[in-house]
Every structure is written in structure tokens, then in C-alpha cells.
Amino acid sequence: MKNRTIVIKIGTKVMASSGKTLVPSARDQDQSRAKSRDEARRGIDKDRLKSIVNNIADVLDRGMKVVIVTSGAIGAGMGLLGLKKRPIKLRELQAAASIGQSALMQLYSHYFKKRGYLVGQFLLTQEDFNDRMRYLNIKYTTQTLFHHKAVPIINENDTVSTEEIKCGDNDRLSTLVSDLCHADLLIILTDVDGLLNEKGDVIDFVDDINSKVLRLAKSSECEFGTGGMCSKLEAIKRATASGIECVVANGKAKDVIIDIVNGGKVGTRFGSSGAKLIARKRWIAFSSNPKGTIIVDNGAKDALSNKNKSLLASGIVEVDGDFVIGDVIKITDKNLKEFARGLANYSSFELLKIKGLKTGQVKGALGEKREDEVVHKNNLVIL
Ligand code: GLU
């Protein structure tokens, strides 16, 4: 219990003030009964943030480690700028995030300081997870903050994020972070009580995110925008597969974090379905961005999936993308269904020449043979 590492993702809807803004602008003063979705998201509910911080400080007091993945920068920025509607233009969103992020951190810092804790800010993009050195630097800095009993607070670096480099949303970011710091538990706080069944009741426990469970999350959420239950389930699927238990709960409920940490019946708990992977394999499986694809035959699929074998050239049917030695690649079956990821020992250029060949023929085709394995089993993760 004492050494547990917990990642807590706090969604925009949990933070959003329905009236009180973070730092109300003059124009905001008389708009406290804002009703629309956009208006309701302006600003941060300071009292709620304070009580969340106090809950987290109680957890820290017990000797556990906590990493926060926070949203709310854009909302806080909108409050400060007096914007009624969430901007459409990327640069306006980035400006709101830039203004809001520092105000948000000031609040976290203020409330944690009252409880004797420092905070450290991380603003990350997908690229920081793709690059192994940057990934390790984030990890070491997190560990050093733990050593100083400071709380890492992470948000997407909205001011530089564009569609290509976006982590997706903060649900996905929280999974990447959970993997990086080998979390035992990921708590996703939102404004609903958990995953609901067809009757609208909260499902207490889910041990497998199968198609039936996925259907429960509204399809419209998947189509439009980020942050809905679909995006949460996708993120949780990744986390549970690498051995991390997850809980989705209502962040507006009193003492919700304490109740979850105490094992109370709060929200929906998702049991971890996979064994904990070693650190490098976690990175290969969940954080890196694959540079290409190797398509294999059924025999190779079976050998990799069920017999703990490495991938040899003979099982390769086709190669897609442009990758070099050491890049992460996807491995799919002939129906293009991805079932594994690994580090390539050969470039895509080389593989096009040796696909389908027996190991003994590789030297003749390339002029040299470095490794027997195209992907060694130690650098391979079955998904
Ligand atoms: N990074 C965004 C913000 O701080 C939130 C993104 C999300 O919630 O998915 O406003």
C-alpha cells in the first residue's frame, strides 16, 4: 500500500466552474449562471480543485506516490480572457491554454504548498514519448520529484501541439504516463459516476473491455471529439493490458480519491488483464510511435503469439513504411490486424529484399547477415 504509485487524471469537466471562474474578468462577473456547454467550461472551480488537492495530499501523507495528469488549461484561459465560446482556431486554443496553464499551476502550487508539498510541471507531446531518450528523461525527472516529495503535474503541451503531434487527449496521455512511471493504479476523474449499463446504473467492476463493454460507451462520443467514455475505455484497455488497475469515477463526488484508494465501491473499477511488462517492452508496446509495418504469414503469427519465438525473414509476407534498424514496427497478420510490436533488426529497404527467405539465404541477398532474427523475442511484445 505504502509504495503504490497512483496516476490521477483530472478532466476538464471536473474542474469546470459552472459560475465561479478562476480569475473572473470584468465581463464575467454577471454571467455566473452560464448554461451552455462552452460557458460552463469557462474557468476553474477553485473549491473543487482545493478539495481534490487535499484528498491527494492525504494520500501522499500515507507515503504513496501520486502523479497528476490535469486538464483545464484551455478552460482557465477562457475564463481569464472572458471568452464565452471555446475558440475554434487552433492558435486561439493554444493562446488560451498558454494563459490558462500558468494560472492552473499557480492554483495547484498554492493548495499543495498549504499541505507542505511542492509541485513540478511537465508539458508533453506525443513526440516526447516516441523518442526513447526524452521518454527516459521524463521518467528520471518524475523519480527525482518523488525523491523530493514533490508532485509531478502533467498536461499536454497545447501551445505546440498540432493534430500530428497531439497525444490524442488527456485520457491517452494518462495511460502513457501510467506506463512511464509503472503505476499500480490509474484513476480517471470525470463528471459521470462511472461506466453505465443499459439501465443507466454504474457497473462496479469490468474485467475485460470486450465489444459488449465498448458498445456501452455511446458511439457518438467516439465520433465527435475527445474525452468521452470511448476515449477512456481505449486508454484503460492499454493500461490494464500492461498490468495497471484503473478506476473511472465522478471527480465531483466528495472524497472520491480517498474512497478509491481505500478500495471503496466507487465508480467503475477495471481489473488489470496483463502481466506487468519490463520497462523497455512497455515503451515498445504503448508509448512509441511505430514507423512501419511487417505483415507475416499464419505460421509466423502462431510462432510469435503462442510459442515465444522471434520473427525470422521466412515468415514475412510484405513490408510497409520506411524504417531503419532499431525503429519500432507494427507486426500484423495477412488481414492487417496488428498483433505485436517490436524493434526491427533490419531496415525496411533490407526487408524488402529478404522477405520470405530462409535464414541461410539472407547473407546471399544482402551481402551480410547481422542477426538471425528480424525482431528478437526480447524486443517483441504481443498485444
Ligand atoms: N490539454 C487540455 C487542457 O488543458 C485538455 C485536453 C483533454 O482534456 O483531453 O485544456
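Every number in this text was worked out from the coordinates using simple rules, so none of it is lab data. Keep in mind it's a predicted model, so treat the numbers as computed, not measured. Ideal geometry is used to build each Cβ from the backbone, glycine not excepted, and the neighbour counts take in all protein chains shown.
Dipole check for segment 281-324: with +1 at the C-beta of Lys and Arg, -1 at the C-beta of Asp and Glu, and the Cα centre as origin, the magnitude is about 360 Debye.
Protection proxy ranking for 310-318, 126-134, using the average of other Cβ atoms within 10 Å per residue and placing the highest first: 310-318, 126-134. Each of Val381, Tyr108, Ile6 was placed along the dipole of the chain (beta-carbon charges, centred on the mean Cα), and the one lying farthest toward the positive end is Tyr108. The modelled label-to-label distance between Gln121 and Asp372, using points 7 Å beyond Cα along the C-beta direction, is 5.3 nm. Here Lys199 is the anchor, and the lysines within straight C-alpha reach of less than 23 Å, apart from those fewer than 8 places off in the same chain, are Lys212, Lys218, Lys232, Lys252, Lys265.
Grouping the Cα pair distances of the chain into 20 Å bins from zero gives a pair-distance distribution of 27, 52, 19, 2 percent in increasing distance order.
Once you sort the root eigenvalues of the Cα gyration tensor of segment 75-181 as a ≥ b ≥ c, which label holds: rounded (a/c under 1.5), prolate (a/b larger than b/c) or oblate (the other case)?
Oblate.
Taken about its Cα centre, segment 102-167 carries a charge dipole of roughly 600 debye when the Cβ of each Lys and Arg holds +1 and the Cβ of each Asp and Glu holds -1. In segment 291-338, the alpha-carbon atoms span a convex hull of 75 Å³ per residue. Largest GNM mean-square fluctuation among Asp179, Asp171, Asp193, using the chain with Cα springs under 10 Å: Asp193. Across Gly63, Gly120, Gly367, mean-square fluctuation computed from a Gaussian network of the chain (C-alpha pairs under 10 Å connected) peaks at Gly367.
Out of Ile258, Ser287, Ala313, whose Cα points farthest toward the positive end of the dipole of the chain (charges: +1 Lys, Arg; -1 Asp, Glu; placed on Cβ)? Final value for the positive-end residue is Ile258. In the chain, taking the dipole from charged Cβ atoms about the Cα centre, the farthest positive-side position among Gly360, Ala183, Gly228 is held by Ala183. Highest mean packing first, where packing is the average number of other Cβ atoms within 10 Å per residue, the peptides 338-348, 82-92, 240-250, 144-154 line up as 240-250, 338-348, 144-154, 82-92. In this structure the amide hydrogen of Val69, modeled in the peptide plane, comes within under 5 Å of the amide hydrogens of Ile8, Lys9, Ile10, Ile154, none closer than 5 places in sequence on its chain.
Subtracting the Cα-Cα distance of Arg86 and Lys337 from their residue separation scaled by 0.36 nm leaves 86.6 nm. Ordering of 325-333, 349-357 by packing is 325-333, 349-357, highest average first (other Cβ atoms within 10 Å, averaged per residue).
If only the Cβ of Lys and Arg carry +1 and only the Cβ of Asp and Glu carry -1, the dipole of the chain around its Cα centre is close to 660 debye. The count of lysine pairs in segment 293-383 with alpha-carbon distances below 16 Å, taking only pairs 8 or more places apart or on different chains, stands at 17.
Under 5 Å from the amide H of Ala340 lie the amide H atoms of Ile331, Leu383, each residue being 5 or more positions distant or on a separate chain, with H modelled from the backbone and absent for Pro and chain starts. Straight-distance candidates among the lysines for linking to Lys149, with alpha-carbon spacing under 16 Å and chain neighbours fewer than 8 residues away dropped: Lys2, Lys65, Lys113, Lys114, Lys139.
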